[in-house]
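I have placed the structure first, in the form of structure tokens, so that the comments after it can refer back to it.
The values are calculated or read from the model by the stated rules, or taken from the named source; none is laboratory data. Everything numeric in this text was worked out from a predicted model, so none of it was measured. Backbone-built Cβ (ideal geometry, glycine too); neighbour counts: all protein chains shown. Accessible surface is based on the protein model in full, side chains and every heavy atom, while ligands, DNA and RNA are left aside. Shrake-Rupley method; radii C 1.70, N 1.55, O 1.52, S 1.80 Å.
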Amino acid sequence: KVIAQAWEFQKEAGVTERPVSIDKYLKAMGAELKILDNLRDDEAGQVLQVGDRLVIMVNGRHPIERQRFTVLHEIAHIRLNLPSLHSKSTSVE
């Protein structure tokens, strides 16, 4: 079921090429990406609802591959309606 949902989301996002554009997924989710350099080393990222916006934050000190994984991981939390158990909140400007 999860794999079928992932394929369906790819279609909705208009993903047709590789490497996959993260921007297409963000746009399809109506989410904004913030790359922060003030997160702890052990904090990859998180997603917050800020008013009517979804904000996905990632650790800017992590390698770009890890940031990319984190964005997709957080999108999966949103898309699949899975709870995310982050212990620390980060303010968004």
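See the values below:
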{"quantity": "In the stretch 3-22, the residues that are among the aromatic types (Phe, Trp, Tyr) and either modelled with pLDDT under 85 or in contact with a helix residue (DSSP H, G or I) (Cβ under 8 Å, 6 or more places away or on another chain) (or both)", "calculated": "PHE9"}
{"quantity": "Matching residues in the stretch 14-29 - criterion: being surrounded by 15 or more Cβ atoms within 10 Å (Cβ to Cβ) and either part of a helix (DSSP H, G or I) or in contact with an Asp or Glu (Cβ under 8 Å, 6 or more places away or on another chain) (or both)", "calculated": "ILE22, LYS24, TYR25, LEU26, ALA28, MET29"}
{"quantity": "Any hit, the stretch 59-74, residues being open to solvent by less than 80 Å² (accessible area, probe 1.4 Å), modelled with pLDDT of 90 or more and in a strand (DSSP E or B)", "calculated": "yes"}
{"quantity": "Matching residues in the stretch 41-53 - criterion: being touching a residue at least 24 places away in the same chain (Cβ under 8 Å) and open to solvent by 30 Å² or more (accessible area, probe 1.4 Å)", "calculated": "VAL47, LEU48, VAL50"}
{"quantity": "Residues that are under 12 Å from the mean Cα position of the chain (by Cα) and assigned to a strand (DSSP E or B), drawn from the stretch 30-46", "calculated": "ALA31, GLU32, LEU33, LYS34, ILE35, GLY45, GLN46"}
{"quantity": "Residues that are under 16 Å from PHE69 (Cβ atoms) and modelled with pLDDT of 95 or more, drawn from the stretch 45-56", "calculated": "ILE56"}
